[in-house]
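Participant: The structure under discussion is supplied below as structure tokens; questions concerning it will follow.
The values are calculated or read from the model by the stated rules, or taken from the named source; none is laboratory data. Computed from a predicted structure; not experimentally measured. Cβ placement follows ideal geometry from the backbone for every residue including glycine, while neighbour counts extend to all protein chains displayed. Calculation scope for accessible area: heavy atoms of the full protein, side chains included, ligands and nucleic acids excluded. Shrake-Rupley method; radii C 1.70, N 1.55, O 1.52, S 1.80 Å.
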Amino acid sequence: MSSIVSRTKNPLLNSLPHFLTWSALGFRTICSGRLGFESSSSDSSLSAGTKLLESYREEFQIGSRLITLETGKIARFANGSVVLGMEETKVLSTVAAGRGDAVRDFLPLTVDYQEKQFAQGVIPTTFMRREGAPKERELLCGRLIDRPIRPLFPPGFYHEVQVMASVLSSDGNQDPDVMAANATSAALMLSDIPWGGPIGMIRIGRIYGKFIVNPTMDELSLSDLNLVYACTRDKTLMIDVQAREISEKDLEAGLRLAHPEAVKYIEPQIRLATKAGKQKKDYKLSMLSDRTLEKVGNLAAAHIESIFTDPTYGKFERGEALDKIAQDVKKVLEEECDEDSLNVLPKAVDTVRKKVVRKRILAEGFRLDGRRLDEVRPVYCEAGNLPILHGSSLFSRGDTQVLCTVTLGAPGDAQRLDSLVGPPTKHFMLHYSFPPFCINEVGKRGGLNRREVGHGTLAEKALLAVLPPEDSFPYTVRVNSEVMASDGSTSMATVCGGSMALMEAGIPLREHVAGVSVGLVSEVDPSTGEIKDYRILTDILGLEDHLGDMDFKIAGTRNGITAIQLDIKPAGIPLDIICESLEPARKGRLQILEHMEREISAPRTEVDRNSPRLASFKYSNDALRRLIGPLGALKRKIEEETGARMSVTDGTLTIVAKNQSVMEKVQEKVDFIIGREIEIGRIYKGVVTSVKEYGAFVEFNGGQHGLLHISELSHEPVSRISDVVSVGQKLSLMCIGQDVRGNIKLSLKAALPRPGSEFNNLVEGNAPTDRETPNIWASADNISDGGEEHKSMIEGIPKSKHELSGENASASTPTILIRSAAECDEEEKSAGLSRSSKITPKPYDASKRDHKPKTSPTEASELDSESSLSNLFPSTIKNKSNFLQNKASANSNDKEAEAETPITDRRLKIGTKVTAKVYEIRERGLVLDLGGGILGMYRFETNGKKDFEVGDELRVKCSSFSTSGVPVVSSVDDE
């Protein structure tokens with residue numbers, strides 16, 4: 001019931017003189033910042049307790065949801081208005097009819113559905129901060145309301161009717177579209193507009209084989225069926241289905257369940273209309289008189305039948321012949337001065353055509369083009385007809401022809417959706433276009449067309465079921481369908497052409513999807529309104545759609561149905577006939593699938609298709625920020641220079657390029673900016689930045705630097721490095737390792753064909769199939785016992801490629817020279833190798849050596865220069881600091897000292913003499929056990945003694961430390 005209203009005056013105004021009050025000046029009280037003139041009428045007649053509004057309410061339950069219907073409180077001036085609520089979602093639907101006589105021959109019904117952002121407490125993000133033109137979803141919901149209510153208006157009712165449905169509030173759990181349709185039915189029942197309702201509409205889902213009535217949005221995301229069903233008490237009006245290859249038997253079970261659930265909406269609407277409904281108004285109906293129909297039939301029926309019985313007529317030839325018959329009838333009526341018949345002549349001729357066609361189909365079982373009732377028109381398929389595109393196909397069925405193209409994009413190209421319910425983005429889009437030339441007409445191209453959006457969405461639903469999931473195929477896909485010629489069911493032709501184009505684009509579809517439209521011609525008993533006889537037509541023509549009773553579009557694979565759309569013209573069709581139509585549709589679909597599979601049966605591979613190149617790379621977010629640049633300027637620059645598209649998400653970079661050459665160009669630019677994960681054995685392009693006596697320093701892989709040692713320049717000896725490389729020269733180099741300080745070692749000769757080798761070509765980014773394995777002097781710190789494999793001195797080298805076994809390590813020829821710590825430090829300073837490397841080195845085991853010497857001032861700067869690595873490799877930098885501390889201690893002013901006590905890593909300094917045992921024998925030296933768990937290296941001198949055995953004792957002196965902190969010793973006898 002309504003609220004009670006009473007008015008009181010402001011007590012502060014009572015003390016003012018009357019001539020100073022607003023009422024004396026003829027103004028209202030200021031309210032909400034507005035000032036207006038006061039009404040001359042007085043409110044003194046409204047006393048406390050006066051009833052201003054009266055509302056009526058009905059409550060009922062369907063499934064587990066409590067539903068309310070309410071009228072009288074909101075939009076009272078509308079011809080009919082109802083607010084339908086389910087939980088916290090409320091939808092208002094209003095109807096209004098135009099006044100005056102209807103001078104037209106069609107029903108001008110307009111259905112507007114609108115979702116405003118206030119329904120969820122959100123301000124629109126548009127520039128004007130208000131809603132703009134109708135979105136696709138709003139157009140689709142408007143069609144969903146229009147389709148079941150249109151057939152129930154009485155014949156000849158051609159007055160303008162407008163339905164406006166608005167979402168008042170939404171909790172995000174329920175889709176408001178079905179609620180809006182039921183609210184519209186209730187509003188029409190309350191109005192004075194003649195209408196044959198009410199109707200009920202229900203949504204059915206299925207999760208793990210169990211049907212669910214009125215599923216929530218979360219339940220729909222798990223469901224393999226989204227069935228929307230509308231009906232009267234005993235007949236079906238509309239079906240809309242999106243499914244994941246559901247069988248015809250299971251679909252029929254869902255329809256049988258949906259009908260009684262939808263009927264539950266009807267009785268509450270009748271009760272509400274009994275309480276608050278208006279008396280139906282007698283509108284003028286534009287009906288054809290029996291005299292006019294008889295006269296036009298006598299003049300045209302025989303000629304029309306002769307045309308429809310001749311299968312040689314094509315679409316336009318048949319249309320021209322029928323137009324000529326209409327002109328002949330018009331001349332006769334003009335001669336007779338029959339103005340009444342002339343005013344309704346087009347409608348009368350169309351009615352005669354309908355009777356002739358339907359009578360022939362029912363009596364003889366023959367159709368306009370001579371086909372049998374279950375025969376599909378000839379099919380022609382062609383895939384890849386536009387080879388430069390990502391994917392393309394041409395599909396023809398009879399005179400209907402559709403050109404479909406596929407465009408692949410990055411994940412960032414997904415369509416953003418602003419609807420109240422459902423996902424925020426859409427990665428698969430199908431856009432359907434129906435240009436005027438496809439029916440040989442002249443017309444204008446406008447904005448979003450309700451019919452085009454509906455047909456495109458139907459085909460999109462059909463194909464969505466066979467697409468790979470987004471987690472395995474995260475790319476955005478757009479299918480564009482251009483109708484080249486139309487003579488029936490272009491939306492189903494779009495399904496067929498779109499399926500072939502997707503496979504031609506290399507998208508891994510599970511199955512081909514085909515669609516066919518099924519029609520109905522029936523004979524109704526005038527007295528009871530029941531269907532006495534009917535025929536089901538497979539693959540209907542455009543004229544059969546116009547003159548028939550239904551357009552039942554069914555799409556699916558060999559395994560089941562993926563999408564359905566049913567539109568009818570009479571006031572309902574029995575559900576039994578609908579279910580019977582599923583089998584002819586399945587047989588027709590299988591015929592079309594055979595033609596499609598003969599043309600293309602599997603997705604194209606990378607080799608035999610001309611499609612864009614798509615690649616995804618994993619990077620750290622810091623690296624991606626460097627790639628994007630300030631305000632995205634660097635990313636836009638790369639896209640402008642290459643024509644590629646780059647999409648950046650959390651930790652992932654996706655590149656979409658037109659072809660392979662563009663992809664390589666983009667990858668080269670990206671690698672130069674942020675690089676990629678460095679892998680031993682891969683080939684990288686780099687630029688020489690400086691040349692030293694011992695090698696060259698090369699910048700590669702996103703600004704990283706590596707050392708190209710003189711020994712890695714060529715398979716032949718090189719005397720001067722400047723004879724081979726120069727500053728600014730571009731080289732293709734192989735990464736052969738990384739030393740313990742994280743410096744990358746590059747090789748030119750490993751990337752070049754060896755003399756006499758048949759492997760002359762190496763592809764960048766791929767490891768060579770046959771190359772010389774780098775022989776590495778193993779670090780003494782990482783030597784393992786017995787037959788275990790030695791760990792490489794260069795940390796981070798994969799074990800499977802570069803780790804040497806204990807059996808062949810002694811026979812290897814070293815490619816890395818063990819230099820003094822000072823030489824290594826000087827080399828690193830000149831190279832400026834303070835950049836972080838992406839090879840993850842194996843950490844030095846600091847627990848075995850507890851070096852804690854003081855850092856000298858001369859080494860402090862070197863520690864600072866390495867601090868930038870601590871973010872990426874903190875454990876490595878910590879160990880490297882220990883190495884530098886050992887080196888600083890080794891360069892101190894301590895003189896040589898004899899080891900009076902057992903040696904420890906803290907006491908070991910340059911000049912310290914100890915007695916060591918031979919731990920292992922190598923080709924170019926010995927690994928010595930210095931005691932205290934410390935291992936050192938002894939290098940054979942030229943022409944020196946080499947006949948050692950494991951266990952021999954030697955008197956040695958610590959002469960230097962390697963960069964890794966490993967002591968290098970010399971024999972005391974050599975002095």
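Participant: What's the total number of residues in region 568-603 that are of a type in the set (Asp, Glu) and within 20 Å of Ile239 (Cα to Cα)?
Facilitator: Step one: list which residues in region 568-603 are of a type in the set (Asp, Glu), which gives 576, 580, 583, 594, 597, 599.
Right, trim to within 20 Å of Ile239 (Cα to Cα) and you get 576, 580, 583.
Qualifying residue count for the region: 3.
Participant: Among the candidates Leu293, Leu272, Leu285, Leu299, which residue alone is surrounded by 12 or more Cβ atoms within 10 Å (Cβ to Cβ) and in contact with a Gly (Cβ under 6 Å, 6 or more places away or on another chain)? Give the derivation first.
Facilitator: Values: Leu293 fails: in contact with a Gly (Cβ under 6 Å, 6 or more places away or on another chain); Leu272 fails: in contact with a Gly (Cβ under 6 Å, 6 or more places away or on another chain); Leu299 fails: in contact with a Gly (Cβ under 6 Å, 6 or more places away or on another chain).
Criteria check complete, one pass: Leu285.
Participant: Give Thr236, Thr216 a once-over and let me know the one that is in contact with a helix residue (DSSP H, G or I) (Cβ under 7 Å, 6 or more places away or on another chain), of a type in the set (S, T, N, Q) and open to solvent by less than 30 Å² (accessible area, probe 1.4 Å).
Facilitator: Details: Thr216 fails: in contact with a helix residue (DSSP H, G or I) (Cβ under 7 Å, 6 or more places away or on another chain).
Thr236 is the lone residue from the list that is in contact with a helix residue (DSSP H, G or I) (Cβ under 7 Å, 6 or more places away or on another chain), of a type in the set (S, T, N, Q) and open to solvent by less than 30 Å² (accessible area, probe 1.4 Å).
Participant: When you go through (1) surrounded by fewer than 17 Cβ atoms within 10 Å (Cβ to Cβ); (2) at pLDDT 95 or above; (3) under 30 Å from the mean Cα position of the chain (by Cα) one by one for Leu227, which number turns out not to apply?
Facilitator: (1)
Participant: Another one. Restricting attention to region 724-745, report how many residues are part of a loop (DSSP other than H, G, I, E, B) and of a type in the set (A, V, I, L, M, F, W, C). Write out each step before concluding.
Facilitator: Our first condition is that a residue be part of a loop (DSSP other than H, G, I, E, B); within region 724-745, this holds for 724-729, 739-743.
Still in the list and also of a type in the set (A, V, I, L, M, F, W, C): 724-725, 727, 740.
Residues flagged as part of a loop (DSSP other than H, G, I, E, B) and of a type in the set (A, V, I, L, M, F, W, C) within region 724-745 amount to 4.
Participant: Any residue at all in region 449-461 that is touching an Asp or Glu at 6+ places or on another chain (Cβ under 7 Å), under 25 Å from Met217 (Cβ atoms) and touching a residue at least 60 places away in the same chain (Cβ under 8 Å)? It would help to see each step written out before you state the result.
Facilitator: Applying the first criterion (touching an Asp or Glu at 6+ places or on another chain (Cβ under 7 Å)) to region 449-461 yields 453.
Within this subset, residues satisfying the condition of being under 25 Å from Met217 (Cβ atoms) are 453.
Okay, now just the ones that are also touching a residue at least 60 places away in the same chain (Cβ under 8 Å), so 453.
Checking region 449-461: at least one residue is touching an Asp or Glu at 6+ places or on another chain (Cβ under 7 Å), under 25 Å from Met217 (Cβ atoms) and touching a residue at least 60 places away in the same chain (Cβ under 8 Å).
Participant: Next question, about the same structure. I need a count of the residues in region 723-753 that are out of contact with any Lys or Arg (no Cβ under 6 Å at 6 or more places or on another chain) and open to solvent by 50 Å² or more (accessible area, probe 1.4 Å).
Facilitator: Residues in region 723-753 being out of contact with any Lys or Arg (no Cβ under 6 Å at 6 or more places or on another chain) and open to solvent by 50 Å² or more (accessible area, probe 1.4 Å): 8 in total.
Participant: Can you tell me which residues in region 714-723 are in contact with a helix residue (DSSP H, G or I) (Cβ under 7 Å, 6 or more places away or on another chain) and in a loop (DSSP other than H, G, I, E, B)? Let's see the steps before the verdict.
Facilitator: The first filter runs over region 714-723 and keeps only residues in contact with a helix residue (DSSP H, G or I) (Cβ under 7 Å, 6 or more places away or on another chain), leaving 714-715, 718, 721.
Across region 714-723, the qualifying residues are Ser714, His715, Val718.
Participant: So, one more: Is there a residue being open to solvent by 10 Å² or more (accessible area, probe 1.4 Å) and at positive phi anywhere in region 245-253?
Facilitator: Quick first cut of region 245-253, residues open to solvent by 10 Å² or more (accessible area, probe 1.4 Å) only: 245, 247-250, 252-253.
Then keep just the ones that are at positive phi; that gives 245.
Checking region 245-253: at least one residue is open to solvent by 10 Å² or more (accessible area, probe 1.4 Å) and at positive phi.
Participant: Looking at (1) surrounded by 16 or more Cβ atoms within 10 Å (Cβ to Cβ); (2) touching a strand residue (DSSP E or B) at 6+ places or on another chain (Cβ under 7 Å), which is the only condition Thr110 fails?
Facilitator: Evaluating Thr110 over (1) surrounded by 16 or more Cβ atoms within 10 Å (Cβ to Cβ); (2) touching a strand residue (DSSP E or B) at 6+ places or on another chain (Cβ under 7 Å) leaves (1) as the failure.
Participant: On to the next question. Can you run down the residue pairs with Cβ atoms below 7 Å, 6 or more apart or on separate chains, where the first is in region 336-347 and touching a residue at least 24 places away in the same chain (Cβ under 8 Å) and the partner is of a type in the set (Ser, Thr, Tyr) and in a helix (DSSP H, G or I)?
Facilitator: Asp340/Thr292; Ser341/Thr292; Val344/Thr292
Participant: Okay, next question. If you take the residues in region 917-928 that are surrounded by 17 or more Cβ atoms within 10 Å (Cβ to Cβ) and either within 14 Å of Arg955 (Cβ to Cβ) or in contact with a helix residue (DSSP H, G or I) (Cβ under 7 Å, 6 or more places away or on another chain) (or both), which one is modelled with the lowest pLDDT?
Facilitator: Arg922
Participant: Something else about it: In region 199-209, what residues are surrounded by 24 or more Cβ atoms within 10 Å (Cβ to Cβ) and in a loop (DSSP other than H, G, I, E, B)?
Facilitator: Ile199
Participant: A further question follows. Filter region 89-107 down to the residues that are under 24 Å from Gln174 (Cα atoms) and in contact with a strand residue (DSSP E or B) (Cβ under 6 Å, 6 or more places away or on another chain), then identify the one that is surrounded by the fewest Cβ atoms within 10 Å (Cβ to Cβ).
Facilitator: Filtering region 89-107 for residues under 24 Å from Gln174 (Cα atoms) gives 89-95.
When the remaining residues are screened for being in contact with a strand residue (DSSP E or B) (Cβ under 6 Å, 6 or more places away or on another chain), the result is 90-95.
Values: Lys90: 22, Val91: 28, Leu92: 20, Ser93: 28, Thr94: 23, Val95: 27.
Among those residues, the one meeting the criterion is Leu92.
Participant: Could you tell me how many of the residues in region 513-545 are of a type outside the set (D, E, K, R) and part of a strand (DSSP E or B)? Working first, answer last.
Facilitator: In the first step, residues of region 513-545 are kept if they are of a type outside the set (D, E, K, R); the result is 513-522, 524, 526-529, 531, 534, 536-538, 540-543.
Applying the additional criterion that residues be part of a strand (DSSP E or B) yields 514-522, 524, 531, 534, 536-538.
So the count comes out to 15.
Participant: Then there is this: Filter region 703-722 down to the residues that are open to solvent by 40 Å² or more (accessible area, probe 1.4 Å) and touching a residue at least 60 places away in the same chain (Cβ under 8 Å) and list them by number.
Facilitator: Passing the criteria: only Ser711.
Participant: Right, here's the next one. With respect to Ile678, is the statement that it is touching a residue at least 40 places away in the same chain (Cβ under 8 Å) and in a loop (DSSP other than H, G, I, E, B) true? Write out each step before concluding.
Facilitator: Values: touching a residue at least 40 places away in the same chain (Cβ under 8 Å): yes; in a loop (DSSP other than H, G, I, E, B): yes.
It is true that Ile678 is touching a residue at least 40 places away in the same chain (Cβ under 8 Å) and in a loop (DSSP other than H, G, I, E, B).
Participant: Please pick out the residue among Glu335, Glu320, Glu305 that is open to solvent by 100 Å² or more (accessible area, probe 1.4 Å), over 28 Å from Cys438 (Cβ atoms) and either out of contact with any Cys (no Cβ under 8 Å at 6 or more places or on another chain) or of a type in the set (Phe, Trp, Tyr) (or both). Break it down stepwise before answering.
Facilitator: Working: Glu320 fails: over 28 Å from Cys438 (Cβ atoms); Glu305 fails: open to solvent by 100 Å² or more (accessible area, probe 1.4 Å).
Exactly one of Glu335, Glu320, Glu305 is open to solvent by 100 Å² or more (accessible area, probe 1.4 Å), over 28 Å from Cys438 (Cβ atoms) and either out of contact with any Cys (no Cβ under 8 Å at 6 or more places or on another chain) or of a type in the set (Phe, Trp, Tyr) (or both), namely Glu335.
Participant: Yes or no: region 410-417 includes at least one residue that is outside any strand (DSSP E or B), within 30 Å of Asp175 (Cβ to Cβ), open to solvent by less than 10 Å² (accessible area, probe 1.4 Å) and at pLDDT below 90. Give the steps one after another, and end with the answer.
Facilitator: Taking region 410-417 as the starting set, the residues that turn out to be outside any strand (DSSP E or B) are 410-414, 417.
Now drop any that are not within 30 Å of Asp175 (Cβ to Cβ), which leaves 410-414, 417.
Narrowing the set further to residues that are open to solvent by less than 10 Å² (accessible area, probe 1.4 Å) leaves 410.
So of that shortlist, the ones also at pLDDT below 90 come out as 410.
Yes: one or more hits.
Participant: Hey, another quick one. Would you mention how many residues in region 523-568 are free of Cβ contacts under 8 Å to residues at least 60 places away in the same chain, open to solvent by less than 40 Å² (accessible area, probe 1.4 Å) and farther than 23 Å from Cys496 by Cα?
Facilitator: Within region 523-568, residues that are free of Cβ contacts under 8 Å to residues at least 60 places away in the same chain, open to solvent by less than 40 Å² (accessible area, probe 1.4 Å) and farther than 23 Å from Cys496 by Cα number 2.
Residues checked against (1) outside any helix (DSSP H, G or I); (2) among the polar types (S, T, N, Q); (3) at pLDDT 95 or above; (4) open to solvent by less than 10 Å² (accessible area, probe 1.4 Å):
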| site | (1), (2), (3), (4) |
| --- | --- |
| Gly132 | yes, no, no, no |
| Ile145 | no, no, yes, yes |
| Gly156 | yes, no, no, yes |
| Gln162 | yes, yes, yes, no |
| Ala165 | yes, no, yes, yes |
| Asp171 | yes, no, no, no |
| Ala183 | no, no, yes, yes |
| Gly196 | yes, no, no, no |
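Quick grid of which residues meet (1) part of a loop (DSSP other than H, G, I, E, B); (2) open to solvent by less than 60 Å² (accessible area, probe 1.4 Å):
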residue: Lys359; (1), (2): no, no
residue: Ala363; (1), (2): no, no
residue: Pro387; (1), (2): yes, no
residue: Ser396; (1), (2): no, yes
residue: Gly422; (1), (2): yes, yes
residue: His431; (1), (2): no, yes
residue: Glu441; (1), (2): yes, no
